[in-house]
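Worksheet for the structure shown next.
The values are calculated or read from the model by the stated rules, or taken from the named source; none is laboratory data. Nothing here was measured: the structure is a model prediction, and the numbers come from that model. Heads up, the Cβs are rebuilt from the backbone with ideal geometry, glycines too, and the neighbour counts pull from every protein chain shown. The area values use the complete protein model at the heavy-atom level, side chains included, leaving out ligands, DNA and RNA. Shrake-Rupley method; radii C 1.70, N 1.55, O 1.52, S 1.80 Å.
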Amino acid sequence: MAAPDELFCWEGDWGLPSVSTDCLVVLFILTKFTVFILKYPGICSPWRSPGGSLPALRTNQNETLSRPSDIIIHLRKQKFNADFDLSAKEGADSLAFISLLEEKLMPALIYTFWVEPKNFVEVTRRWYAEHMMFPLNFFLPGRMQSRQLEKLRLLRGDEHLEAGEELEKELYRDAAECMNLLSQRLGSHKFFFGDSPSSLDAYVFGHLAPILKCKLPNGKLQQHLKSLDNLSDFCSNILLLYFPRDSRAEPSAQKAPAAPEAGDFDNVPNKRRKQFLSALFALGAMLSYALLTGMVSIQHGHQEALEEPPDPEHIGAHEEEGDG
Amino acid sequence: QFLLADRFHLKSTAAEPWPENATLYQPLMDDQILLSDHASSLSVQAYLRMCGLPIQVVCRYNAEYMSPSGKIPFIHVGNQVVSELGPVVQFTKAKGHSLSDSLDDVQRAEMKAYMELVYNMLLTSELFVQWCDDATAGEISRPRYSSPYSWPLGNILAYQKQWEVRRKMNAIGWGGKTLEQVQVYEDVNQCCQALSQRLGTQPYFFNKQATELDALVFGHLFTILTTRLTSTELAERVKSYSNLLSFCRRIEQTYFEDKKLMKD
């Protein structure tokens with residue numbers, strides 16, 4: 001019997017089976033079939049994947065496929081066709097809407113998770129750093145970010161793209177329009193074509209689920225998505241029906257910043273205590289230095305003390321030792 | 001790639017009517033222009049003709065550098081310069097000319113989706129075949145691209161452009177692959193199949209009236225059919241869909257009857 005294919009996916013969080021869009025697409029497609037594929041869903045390091053990136057499907061011919069579209073084509077060749085019951089026209093529409101997603105929504109996704117400074121520092125980088133092992137967690141998130149920024153730059157055709165208000169507005173406007181169009185197309189149906197999911201549903205789910213579930217400081221995309229009821233219900237239903245275990249898991253990263261009143265301060269736990277201890281330590285060090293060098297002396301005789309009260313130490317006034 | 005600042009300009013010049021001397025700039029037809037650029041230029045020309053707006057086509061070897069976004073083609077209308085089909089459509093809309101007003105919401109969603117399909121699959125495949133296939137790049141693309149310039153400037157510019165396009169292919173996962181490894185012709189086939197399905201037996205993609213989608217599809221398919229490349233596979237893929245062929249012929253006869261559409 002042929003060896004099974006192996007699928008490597010990013011770990012999940014926030015109620016999702018995986019945090020990566022591409023992984024979600026592949027995982028959802030696979031729920032449609034009972035395919036004998038070994039899944040390794042909890043991968044936290046792209047170095048453990050055969051292709052160097054996730055998701056990755058290692059076929060039994062030892063070929064590694066990384067793009068969801070390639071994986072879907074591979075499954076189709078093995079007679080697992082996600083779009084089997086679509087008519088020709090529906091298949092054409094499917095292709096068109098997937099292109100729409102990739103051109104209009106994906107750049108905004110990349111921006112909101114990887115380029116927007118606040119989101120990246122507080123959520124994305126922290127999540128990857130926490131979930132990767134030492135010493136990868138020091139440099140890998142940063143490298144992933146530069147790769148994503150590069151990708152965004154190439155997609156937009158602008159070499160000097162930087163995070164900013166204007167870029168954000170443009171990208172979010174395109175994304176909002178895309179979501180509106182998807183919402184209009186979905187209407188009140190359960191899935192985009194008929195009663196069973198197809199590859200378009202997988203792509204939409206893969207792109208929208210992270211937006212819906214992940215709590216980001218700059219959550220404009222999420223707000224817009226939540227205002228489109230049919231799309232949010234679409235994602236939630238899929239999670240409930242097809243990934244019940246993950247959707248029940250409480251999002252672990254919701255031990256959110258516990259020091260919100262400090263404004264833009266970094267989230268350092270026990271801030272006050274640390275400050276107090278530091279001050280105490282500094283004071284103790286100064287005092288012991290002063291005592292040891294003789295700037296301050298503790299006088300035992302009361303009479304002498306009455307006449308000349310010891311001067312404060314830090315001005316460096318030297319006291320004659322009154323010893324006798 | 002429509003800058004915010006341009007939108008303010010739009011509002012202020014919306015009142016001005018379309019001038020007679022509007023011009024469209026593109027690279028030199030016979031020697032310089034490449035498949036993908038010609039396709040984009042033809043799309044914009046077709047769109048403007050469909051709107052009934054007069055436009056003169058002017059060929060300049062440095063059209064790419066004159067363009068505000070670096071992409072071909074661009075139009076010079078009054079004192080405005082607008083490049084690429086998307087912004088041109090919005091620009092003409094601000095002036096009160098639009099082809100897609102009669103569409104309902106669902107149809108407009110489909111139109112936008114299919115336009116993205118063309119950009120995503122067809123344009124990307126064209127770019128790949130032109131610049132990432134060594135044979136085509138060496139025999140056709142680089143010589144044509146560098147033809148207006150003297151050596152070594154032409155060479156440098158051509159290689160620079162090739163490097164740029166190859167980097168972009170990296171971003172979508174097609175980097176460093178040959179024509180056989182990548183599903184280029186398969187993608188073109190799928191795209192044409194989707195377009196053919198959508199068109200069916202209608203004269204245009206939506207209702208009985210041409211929209212920007214028709215202009216875009218015409219621009220790309222006509223150029224693919226009439227441009228000579230190192231292999232005819234690209235054209236063959238399109239030819240296998242007869243309704244697309246008759247669609248191209250129809251648009252050419254309806255909107256370009258006065259003009260001989262030269263290729264190459």
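Before moving on, here are some points about what is shown:
- Residue under evaluation B:ARG249, criteria (1) touching a residue at least 24 places away in the same chain (Cβ under 8 Å); (2) under 18 Å from the mean Cα position of the chain (by Cα), criterion not met: (1)
- Qualifying position, being crowded, with 20+ Cβ neighbours inside 10 Å, more than 14 Å from chain A (Cβ to nearest Cβ) and touching a residue at least 60 places away in the same chain (Cβ under 8 Å), among B:ILE140, B:ILE75: B:ILE140
- Note on segment B:53-139: enclosed strands (runs of 3 or more DSSP E) holding 1 or more residues that are more than 26 Å from A:ARG156 (Cβ to Cβ) are B:56-59.
- B:LEU229 being more than 21 Å from the chain's Cα centre (by Cα), assigned to a loop (DSSP other than H, G, I, E, B), away from chain A (no Cβ under 14 Å) and not acidic (Asp, Glu): no
- Within segment A:155-166, being free of Cβ contacts under 8 Å to residues at least 12 places away in the same chain and under 22 Å from the mean Cα position of the chain (by Cα) holds for A:GLU162, A:GLY164, A:GLU165.
- Among the candidates B:SER98, B:SER150, the residue that is among the hydroxyl-bearing types (Ser, Thr, Tyr), within 29 Å of A:PRO107 (Cβ to Cβ) and surrounded by fewer than 17 Cβ atoms within 10 Å (Cβ to Cβ) is uniquely B:SER98.
- Of all residues in segment A:154-174 being within 16 Å of A:PHE113 (Cα to Cα), at pLDDT 85 or above and open to solvent by 40 Å² or more (accessible area, probe 1.4 Å), the one that is nearest to the other protein chains (Cβ to nearest Cβ): A:LYS169
- Hey, B:ASP214 more than 14 Å from every other protein chain (Cβ to nearest Cβ) and surrounded by 15 or more Cβ atoms within 10 Å (Cβ to Cβ) or not: yes
- For segment A:53-74, filtering for residues that are out of contact with any Asp or Glu (no Cβ under 7 Å at 6 or more places or on another chain) and either on the phi > 0 side of the Ramachandran plot or within 14 Å of chain B (Cβ to nearest Cβ) (or both) leaves 15.
- The helices (runs of 4 or more DSSP H) found wholly in segment A:101-195 and carrying at least 2 residues that are under 23 Å from B:ASP105 (Cβ atoms) and among the acidic types (Asp, Glu) occupy A:165-186.
- Inspection of segment A:24-39 identifies at least one residue that is part of a helix (DSSP H, G or I), within 22 Å of A:LEU200 (Cβ to Cβ), at pLDDT 80 or above and within 15 Å of the chain's Cα centre (by Cα).
- Restricted to segment B:46-67, and to residues there that are crowded, with 16+ Cβ neighbours inside 10 Å and in contact (Cβ under 8 Å) with a residue 40 or more places away in the chain, the residue that is farthest from B:HIS97 (Cα to Cα) is B:SER67.
- Just one of the listed residues (B:GLN160, B:GLN181, B:GLN253) is at pLDDT 90 or above, open to solvent by 70 Å² or more (accessible area, probe 1.4 Å) and within 14 Å of another protein chain (Cβ to nearest Cβ), namely B:GLN160.
- Condition met for B:LEU42 (aliphatic (A, V, I, L, M) and in a loop (DSSP other than H, G, I, E, B)): no
- Residue, farthest from B:LEU213 (Cα to Cα), within segment A:75-105, restricted to residues that are among the aliphatic types (A, V, I, L, M), more than 31 Å from the chain's Cα centre (by Cα) and at the interface with another protein chain (Cβ under 8 Å from one of its Cβ atoms): A:ALA88
- Selection from segment A:187-199 of residues that are more than 10 Å from every other protein chain (Cβ to nearest Cβ) and of a type outside the set (Lys, Arg): A:SER188, A:HIS189, A:PHE191, A:PHE192, A:PHE193, A:GLY194, A:ASP195, A:SER196, A:PRO197, A:SER198, A:SER199
- Residues (touching a Lys or Arg at 6+ places or on another chain (Cβ under 9 Å) and at positive phi) located in segment B:180-236: B:GLY200
- Any hit, segment B:221-237, residues being open to solvent by less than 30 Å² (accessible area, probe 1.4 Å), without any contact (Cβ under 8 Å) to a residue 24 or more places away in the chain and not aromatic (Phe, Trp, Tyr): yes
- Hey, A:ALA82 over 30 Å from A:ARG156 (Cα atoms) and crowded, with 21+ Cβ neighbours inside 10 Å or not: yes
- Hey, B:ALA194 within 14 Å of chain A (Cβ to nearest Cβ), in contact (Cβ under 8 Å) with a residue 60 or more places away in the chain and either farther than 30 Å from B:ALA135 by Cα or assigned to a helix (DSSP H, G or I) (or both) or not: yes
- Just one residue in the set B:SER102, B:SER69 is polar (S, T, N, Q) and away from chain A (no Cβ under 14 Å); that residue is B:SER102.
- Hey, A:LEU216 part of a helix (DSSP H, G or I) and either touching a Pro at 6+ places or on another chain (Cβ under 9 Å) or surrounded by fewer than 23 Cβ atoms within 10 Å (Cβ to Cβ) (or both) or not: no
- Members of segment B:211-248 that are at pLDDT 90 or above and either small (Gly, Ala, Ser) or over 24 Å from B:GLU186 (Cα atoms) (or both): B:THR211, B:GLU212, B:ALA215, B:GLY219, B:SER240, B:SER242, B:SER246
- Residue in segment B:198-211 that is farthest from B:SER242 (Cα to Cα), counting only those that are under 21 Å from the mean Cα position of the chain (by Cα) and within 10 Å of chain A (Cβ to nearest Cβ): B:ARG198
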